[in-house]
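The values are calculated or read from the model by the stated rules, or taken from the named source; none is laboratory data. Everything numeric in this text was worked out from a predicted model, so none of it was measured. Note that each Cβ is placed from the backbone with ideal geometry, even for glycine, and that neighbours are counted across all protein chains shown. SASA here: full protein model, heavy atoms, side chains in, ligands and nucleic acids out. Shrake-Rupley method; radii C 1.70, N 1.55, O 1.52, S 1.80 Å.
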Amino acid sequence: MNLTALYNISYGIYIVSSKKEDRINGQIANTVFQTTSEPTTIAVCINKKNLTHEFITESKVFAVSVLEQETDMKFIGRFGFKSGRDEDKFKGVNYKIGVTGSPIIMENTVAYMEAEVVMEMDAGTHTLFVGKVVEAENIKKAIPLTYDYYHQVNRGVSPKNAPTYIPKEEKSAK
Ligand SMILES: Cc1cc2nc3c(=O)[nH]c(=O)nc-3n(C[C@H](O)[C@H](O)[C@H](O)COP(=O)(O)O)c2cc1C
């Protein structure tokens, strides 16, 4: 089995955010997709260890900000390699609070959607949250960042908490 075959699955790069009482948090995720059109629902796959997981589980709401291709690696590093448990990731970031109370990133963002959780599937290390879209808006005309561009052009990597993480020793054929 050659797990690098899975690298050929296409994704975008997003910030999935949520709230808990008066606190907000968000993280990078590539696992975002539309599940149905009637009603409009989207799914996100979030690691149980992440603070964002705790916030979505409690508030039952989340937002997805679609990042643009030009998003710099420092910005991705802040939301994708650091936890809201250690620092306020939104400090100095341009954002607004949406109708669900979740923060929406207003910089580097092409579009956003907000959702209310209607289903949770336990996927072991992660939970697949399916949410009914209650708000959606385009913000900026720009090319959305893809997972492939992030890897090939930005030379970005995926941390352990990403569902697509493949340990080095498992990358080659067994
Ligand atoms: C390119 C990239 C893709 C990622 N995709 C996911 C994902 O789909 N799901 C997930 O749970 N974590 C994913 N992560 C990891 C989280 O962003 C990371 O664990 C983050 O620090 C969690 O922050 P939090 O504890 O503040 O919620 C990804 C990270 C990167 C850099």
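So if I check each of 115, 162, which one is small (Gly, Ala, Ser), farther than 21 Å from residue 23 by Cα and surrounded by 12 or more Cβ atoms within 10 Å (Cβ to Cβ)? Break it down into steps so the answer makes sense when it comes.
Numbers: 115 fails: farther than 21 Å from residue 23 by Cα.
Result of the check over 115, 162: 162.
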Original post:
more than 22 Å from residue 33 (Cβ to Cβ) and open to solvent by 70 Å² or more (accessible area, probe 1.4 Å): does that describe residue 153?
Top reply: yes
Original post:
Take the residues of the stretch 73-89 that are among the charged types (D, E, K, R) and free of Cβ contacts under 8 Å to residues at least 40 places away in the same chain: which is most open to solvent (accessible area, probe 1.4 Å)?
Top reply: 74
Subject >> Output for the stretch 4-19, where each listed residue is more than 14 Å from the chain's Cα centre (by Cα) and small (Gly, Ala, Ser) >> reply: 5, 10
Original post:
Only one of these conditions is not met by residue 45: (1) surrounded by fewer than 22 Cβ atoms within 10 Å (Cβ to Cβ); (2) away from the ligand (no atom under 15 Å from the Cβ); (3) in contact (Cβ under 8 Å) with a residue 60 or more places away in the chain; (4) not charged (D, E, K, R). Which number is it?
Top reply: (2)
Original post:
open to solvent by less than 10 Å² (accessible area, probe 1.4 Å) and near the ligand (Cβ under 8 Å from one of its atoms) - does that describe any residue in the stretch 6-16?
Top reply: yes
Original post:
Is it the case that some residue within the stretch 41-52 is farther than 24 Å from residue 135 by Cβ and either touching a Pro at 6+ places or on another chain (Cβ under 9 Å) or assigned to a helix (DSSP H, G or I) (or both)?
Top reply: yes
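Return the residue satisfying two criteria in turn: it lies in the stretch 53-71 and is assigned to a strand (DSSP E or B) and within 12 Å of the ligand (Cβ to nearest atom), and of such residues it is nearest to the chain's Cα centre (by Cα). Reasoning before the result, please.
Of the stretch 53-71, the ones assigned to a strand (DSSP E or B) are 61-68.
Next, from what is left, pick out any that are within 12 Å of the ligand (Cβ to nearest atom): 62, 64, 67.
Working: 62: 10, 64: 7, 67: 10 Å.
Per the criteria, the residue is 64.
Looking at the structure I just gave you, is residue 68 acidic (Asp, Glu), in contact with a helix residue (DSSP H, G or I) (Cβ under 8 Å, 6 or more places away or on another chain) and modelled with pLDDT of 95 or more? Working first, answer last.
Numbers: acidic (Asp, Glu): yes; in contact with a helix residue (DSSP H, G or I) (Cβ under 8 Å, 6 or more places away or on another chain): no; modelled with pLDDT of 95 or more: yes.
When the stated conditions are applied, residue 68 does not pass them.
With the structure loaded, tell me whether residue 40 is hydroxyl-bearing (Ser, Thr, Tyr) and farther than 19 Å from residue 144 by Cβ or whether it fails that test. Working first, answer last.
Details: hydroxyl-bearing (Ser, Thr, Tyr): yes; farther than 19 Å from residue 144 by Cβ: no.
Criteria not met by residue 40.
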